[in-house]
Amino acid sequence: MRWSLRKFDPLFLALLALVSFLLLFNLDHRPFWQDEAETACLARNVLKFGAPRAFDGINLISQEEGREAGADHLWRWSPWMQIYLTAGAFYLAQPSTAAGRLPFAVLGILCVCLTYLLIKRHFRDLLWARLAAALLGLSVPFLMYSRQCRYYSLATLLVLGSLYAFRLNWQKHWGPALLLLASFGLLFHANYLLFFTYGASFLLAAILLYHRELPWKRTLLLAGGVVLVALQGTVFFQIQKQGGMFDLTRIFSNLQCYFLDLFQFMAPLPVVGCLLLYWLWSAAFPGGRERLKADPEVRFTFFLGLIVLFNILIISLAPQGEHRYLLHLYPLCAMILGWVICRVADYHKVSAVLLAFLLLFTNWLHLLPVARLQIQLRPADNSPYMLTYPNFPLKLYLSELFAGYPDVNRNLIDFFQGHARPGDTIVTTYGDLPLQFYTSCVVFGGLQGRLPEPGELPKFVVKRWHTRWNRRYDLTRSEAFILNLRLAVDYEPLVLPFADEEFGNRADPYYHRFVPDAPSLNQLIIYRLRSHHDTKTINQ
């Protein structure tokens, strides 16, 4: 179906206004959680030291037992692009939750714009462009990740930039070629794991489907430029030292998790199944191969599907099966699903409207089939008000934005801002980085591996309900340290009337809670050193 193409598209502008509201409204409704606070603390140190240093003389920023930095405390674990973007926002608007999240929310809006422009310009199908933009912009997981002070929307925009450049005449013009090179080069400095997985997937899919359109001389020249960027960054960020983080024994479990994440949150299993049959026909049979060569839309959606497949296969080599490593694939899935709705509309408009409604406003088509097949993944402490249950996701999302949520990190921050003095020491088993950002205390524990000096008792102890383990599946040092304290003798337990949830404002749709449980599952407990121990030193 072809619609009249015009520069002014009121329906898209209305969609863009809605997406902007969903991304920008009440950005500071919940504080940074652990990963966001890592970026924010490093960005604040950029303003203080001119570079992202992991130690500011008081607190250590680490989630890998101090391995992220060397003796000079210079951060070398992950690229700096997200850190400097956050630092720029802090410089302009002072360090705060809203300032830290604003740049990434704006980038999320740009992702929706670029998705629309990519389809509209290169395929001249206005309905497809609108549907792809709507499927991305109204995707609750995409909205949640784009509102995080983290690289997610930045990497997604660069992935879209590479696809946009690839559809331009980069074979003959240097402008699109340089855009393609810049997209991949900057993607490395957004997140090098996504650079390697997406870059390899993109190249393999392009060779399989567009090999006749790849001028080998220019292709090798661009690939060489990207490799130079990657080599420089590989040495600087000491990626080779992180090779021990890969665990080949977890490939199968990671594949299972990633494919189920794909079906539950990104592209429903029935649609994927039909697409696989269609693409197999296109690749294996003469009539399908002719259609594949003649129809640029079919070939492009097949190209996107191959990128998604290869990306999942490659990312499964990493030990942690995290949904965030799939976020850059959301626009690809949105474009594929938008195209599917358009093709259904060619045959039966009512069915297309029903399919669009199910994909835009419910997660029924995502969850009911996998539940029927008994392959659905849910967390142990799940709730019917999560995206792991059949719901209207936007309703849950809006309920959190307007009604608020008793965030575990907010409750801890409020307590210490009201009851701790500057310089007081805290040992916590998790959530140390939000406390570093929002309080003036000396915060130990968490995953950083740093503890008080021997013989020194912390003023406050927070033993979180969920036990934390390191990459070797040993208890973290903070967990072991607290086990050896005489909490019943030396500390006064303060039971707060709030739930002790595992993470806080984590965007992962597998974990995120929009509505609090009533009653709460686990009480939040803070241990305060009794008054006769205020010297913080054990009498020998």
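The values are calculated or read from the model by the stated rules, or taken from the named source; none is laboratory data. As the structure is a computational prediction, the values presented were derived from the model and not from experiment. Quick reminder, even Gly has a Cβ in these numbers, built from the backbone with ideal geometry, and neighbours come from all protein chains shown.
Hey, among ARG124, ARG53, which residue is out of contact with any Pro (no Cβ under 7 Å at 6 or more places or on another chain) and at pLDDT below 95?
Going through ARG124, ARG53 in turn, just one is out of contact with any Pro (no Cβ under 7 Å at 6 or more places or on another chain) and at pLDDT below 95: ARG124.
Which of the numbered conditions does VAL344 fail, given that it passes all the others? Conditions: (1) touching a residue at least 60 places away in the same chain (Cβ under 8 Å); (2) over 28 Å from SER146 (Cα atoms).
(1)
With the requirement that a residue be touching a residue at least 60 places away in the same chain (Cβ under 8 Å), touching a Ser or Thr at 6+ places or on another chain (Cβ under 9 Å) and β-branched (Val, Ile, Thr), what does region 10-54 give you?
Matches in region 10-54: THR39 only.
Just to be sure before I move on: is ASP35 of a type in the set (Asp, Glu) and modelled with pLDDT under 95 in the structure I sent?
Judged against the criteria, ASP35 is not a match.
Quick one: would you say ALA43 is modelled with pLDDT of 95 or more, surrounded by fewer than 16 Cβ atoms within 10 Å (Cβ to Cβ) and either more than 22 Å from ARG410 (Cα to Cα) or of a type in the set (A, V, I, L, M) (or both)?
Judged against the criteria, ALA43 is not a match.
Does VAL226 meet the test of being within 27 Å of the chain's Cα centre (by Cα), in a helix (DSSP H, G or I) and either at pLDDT 90 or above or farther than 25 Å from LEU329 by Cα (or both)?
In short, yes.
Could you look through region 524-540, keep only residues that are at pLDDT below 90 and not β-branched (Val, Ile, Thr), and pick out the one that is farthest from LYS463 (Cα to Cα)?
Among them, the one singled out is GLN540.
Going by the conditions given, is LEU387 in contact (Cβ under 8 Å) with a residue 24 or more places away in the chain, surrounded by fewer than 16 Cβ atoms within 10 Å (Cβ to Cβ), in contact with a helix residue (DSSP H, G or I) (Cβ under 7 Å, 6 or more places away or on another chain) and at negative phi?
Answer is no for this residue.
Can you go through ILE314, ILE336, ILE375 and tell me which one is farther than 25 Å from ARG130 by Cβ, in contact (Cβ under 8 Å) with a residue 24 or more places away in the chain and crowded, with 17+ Cβ neighbours inside 10 Å?
Just one listed residue meets the conditions, ILE314.
Of everything in region 246-281, what is crowded, with 19+ Cβ neighbours inside 10 Å and either assigned by TED's automatic domain parsing to the domain that holds PRO509 or over 25 Å from LEU358 (Cβ atoms) (or both)? Give them in sequence order.
Hit for region 246-281 is ASN254, nothing else.
Among the numbered criteria (1) in contact with a Leu (Cβ under 9 Å, 6 or more places away or on another chain); (2) modelled with pLDDT under 90, which one does MET245 miss?
(1)
With surrounded by fewer than 18 Cβ atoms within 10 Å (Cβ to Cβ) and not assigned by TED's automatic domain parsing to the domain that holds ARG468 as the only criterion, which of LEU92, LEU23, LEU27 stands out?
Result of the check over LEU92, LEU23, LEU27: LEU92.
Let me confirm something: among LEU13, LEU27, LEU42, which residue is closer than 30 Å to LYS120 by Cα and of a type outside the set (Gly, Ala, Ser)?
LEU13
Residue-by-condition table, conditions (1) assigned to a loop (DSSP other than H, G, I, E, B); (2) out of contact with any Cys (no Cβ under 9 Å at 6 or more places or on another chain); (3) under 25 Å from VAL106 (Cβ atoms):
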{"site": "LEU13", "(1), (2), (3)": "no, yes, yes"}
{"site": "LEU27", "(1), (2), (3)": "yes, yes, yes"}
{"site": "ALA37", "(1), (2), (3)": "no, no, yes"}
{"site": "CYS41", "(1), (2), (3)": "no, yes, yes"}
{"site": "ASN45", "(1), (2), (3)": "no, yes, yes"}
{"site": "ASP72", "(1), (2), (3)": "yes, yes, no"}
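For residues that are among the small types (Gly, Ala, Ser) and either farther than 18 Å from TYR198 by Cβ or touching a Gly at 6+ places or on another chain (Cβ under 8 Å) (or both), tally how many sit in region 136-166.
The qualifying residues number 4.
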